[in-house]
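See below for the structure under consideration.
FYI, it's all coordinate maths here, none of it is from the lab. As the structure is a computational prediction, the values presented were derived from the model and not from experiment. In this analysis, Cβ positions are derived from the backbone assuming ideal geometry, glycine residues included, and neighbour counts consider all displayed protein chains.
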There are 4 protein chains.
Amino acid sequence: MKIKIFTTGGTIDKMYFDQKSEYQVGDPQAKGVLEKANVVVDYEVESILKKDSLDLTDLDRELIRNKVESTPFDRVIVTHGTDTMIKTARELESVSGKTIVMTGSMYPAQFKESDAVFNIGSAVTSVQILKPGVYIAMNGRIFTPRNVRKNVELNRFEEIVI
Amino acid sequence: MKIKIFTTGGTIDKMYFDQKSEYQVGDPQAKGVLEKANVVVDYEVESILKKDSLDLTDLDRELIRNKVESTPFDRVIVTHGTDTMIKTARELESVSGKTIVMTGSMYPAQFKESDAVFNIGSAVTSVQILKPGVYIAMNGRIFTPRNVRKNVELNRFEEIVI
Amino acid sequence: MKIKIFTTGGTIDKMYFDQKSEYQVGDPQAKGVLEKANVVVDYEVESILKKDSLDLTDLDRELIRNKVESTPFDRVIVTHGTDTMIKTARELESVSGKTIVMTGSMYPAQFKESDAVFNIGSAVTSVQILKPGVYIAMNGRIFTPRNVRKNVELNRFEEIVI
Amino acid sequence: MKIKIFTTGGTIDKMYFDQKSEYQVGDPQAKGVLEKANVVVDYEVESILKKDSLDLTDLDRELIRNKVESTPFDRVIVTHGTDTMIKTARELESVSGKTIVMTGSMYPAQFKESDAVFNIGSAVTSVQILKPGVYIAMNGRIFTPRNVRKNVELNRFEEIVI
């Protein structure tokens, strides 16, 4: 079993550049996290976008969807900004026959206190055991794209209670 | 769904005490990890042992087994030293009707570069989605107690290839 | 001997706010750094500004100068953004009879890999042993306001070679 | 000005080896710390011993003294275990014409919360500005070998109050 990891940017990959006094999306952090965790699963990481998820266009989502659909691997992780992760997850529901887990983080992976490593641990493990479908692994839970919302005030993903 | 987390010591909880120039098992690290990850799952952490797993006796394993069996929750995580984690996992196979995930780490959670946060992320997520049974969540994989060994040289858990 | 620490913002105090997808100056980091280092010197930290140093006005510099001049303590540290640290240092040259050490960092103190702790270690130690005057403690060196420049490309402070 | 850094082991360089379930003195941490701080001073690091300072013999102290005396550089840092740092400092008092700063840490440099980076920042800066003599840079203070003790209970270096 091999896991394909597509990175698209978002907070998880944000770096800080003192020269410009600003943050920007940097290189994918997922690879470093997996190396430090010394994982014994096969995986490959491919950076397809480096964007804040608020800046993702319909074309960007089309690109993500095409990449996920056309990869020969049926276990796919997509790292993504949190603001529109749910929107992209719903787009991916039209891909069939693959287990797709989206994740990201509320704090950049480069921070001392970040949820990035925990969330990637969640995603890497759950993508191997969940049946085909689209899932969001955030805040220690596995959500489906229709039962989740980002609670901006509490800065976390939560189940939608109906 | 509520997750019960029993901590038993091991490398994951090792602290360093300069006063004595030595390491010792300290307070459970799992709680701090879950707070920093801002998880939205219910859980409670109970420290039942603070031992290097090489020092665990048959009585200690009996205690762990009894605690896991008698807890009213059917989703249970046991953090444990890596050297005899597999032995304890096999003991726990006689508990029925519960999903039990064991985890730990190769480097203390207090280290800058530790696999502890990743592994706890794996355990917390997988314990919610696996069917009843005993599992080991280490190095990005979910193992069963009969198909895993600790590769001491490479410092990781691996599948037994028959 | 007591050390007065004024914080004015800058990269060292930058936090990341996922809710707004941006970095902003947060609470002063110096206090946490000193507590973790378990220092045995008396000090007090006072936040007087929370600004990127590119945004500091003449009035802000006047405020910093007045605060430094009027504090009863003659050992003073000023944490400050790096872009205009040298400009503020030159303003402070008119304060007499005090040892004033400015410092800051190229990466936020909240980052895993930040120069903040090292630089505060430099500043706290040197402010106790330098004779009255204004100094900049950055990149492992003690500079005076007239012999230093920020090398933006190499992201470090350097001696001006004449 | 060039700084010579001799490393001798001690807590600052302690690593954790899961294979043996123990801590041992590992490679010198000072070099990594200086690289991350992006220092603009010339320095070279030489590992001469890798020992817990409680295990240092008279011969080991003779070796340290000879190394410090014979190095052509007159700015010298010695990283050292905390338990007998003061004893070695007193041995070094017989070296003349050099500024010698000893430092170390109460927690291994590999820990998330360690005083190692702060202390090395202290040492690197103070060694450049102190006049010839032997000093101990610990807990944010510069001590001389005759006015300091290690308070084992509070886990810190303190001035001897007479």
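Scanning the stretch D:43-85 for residues that are facing another protein chain (nearest Cβ under 10 Å) and over 14 Å from D:M102 (Cα atoms) yields D:Y43, D:D52, D:L54, D:D55. The set of residues in the stretch A:71-113 that are more than 12 Å from the chain's Cα centre (by Cα) and free of Cβ contacts under 8 Å to residues at least 40 places away in the same chain comprises A:P72, A:K87, A:E91, A:S94, A:V95, A:S96, A:G97, A:K98, A:T99, A:F111, A:K112, A:E113. Comparison of B:I86, B:I120 shows that the only residue that is out of contact with any Ser or Thr (no Cβ under 7 Å at 6 or more places or on another chain) and within 30 Å of D:P108 (Cβ to Cβ) is B:I86.
Tell me, which residue of the stretch B:118-137 that is more than 8 Å from chain A (Cβ to nearest Cβ) and touching a helix residue (DSSP H, G or I) at 6+ places or on another chain (Cβ under 6 Å) is surrounded by the fewest Cβ atoms within 10 Å (Cβ to Cβ)? Ranking the candidates gives B:V134 first.
Tell me yes or no: at least one residue of the stretch D:132-148 is part of a loop (DSSP other than H, G, I, E, B), aromatic (F, W, Y) and in contact with a strand residue (DSSP E or B) (Cβ under 7 Å, 6 or more places away or on another chain). No, the stretch D:132-148 contains no residue that is part of a loop (DSSP other than H, G, I, E, B), aromatic (F, W, Y) and in contact with a strand residue (DSSP E or B) (Cβ under 7 Å, 6 or more places away or on another chain). C:P145 meets each of the listed conditions (1) free of Cβ contacts under 8 Å to residues at least 60 places away in the same chain; (2) within 11 Å of chain D (Cβ to nearest Cβ); (3) of a type outside the set (K, R) apart from (2). Scanning the stretch C:49-70 for residues that are touching a residue at least 24 places away in the same chain (Cβ under 8 Å) and of a type outside the set (D, E, K, R) yields C:L49, C:S53, C:L54, C:L56, C:I64, C:V68. Looking only at the stretch C:135-162, filter to residues that are of a type in the set (A, V, I, L, M) and under 17 Å from the mean Cα position of the chain (by Cα); which one of those is farthest from C:I77 (Cα to Cα)? Here the residue is C:V148.
Of the listed requirements (1) more than 8 Å from chain D (Cβ to nearest Cβ); (2) more than 24 Å from C:E35 (Cβ to Cβ); (3) touching a residue at least 24 places away in the same chain (Cβ under 8 Å), C:R156 misses just one: (1). Selection within the stretch B:94-117: residues that are more than 7 Å from every other protein chain (Cβ to nearest Cβ) and among the polar types (S, T, N, Q). The member of this set that is farthest from B:S53 (Cα to Cα) is B:S96.
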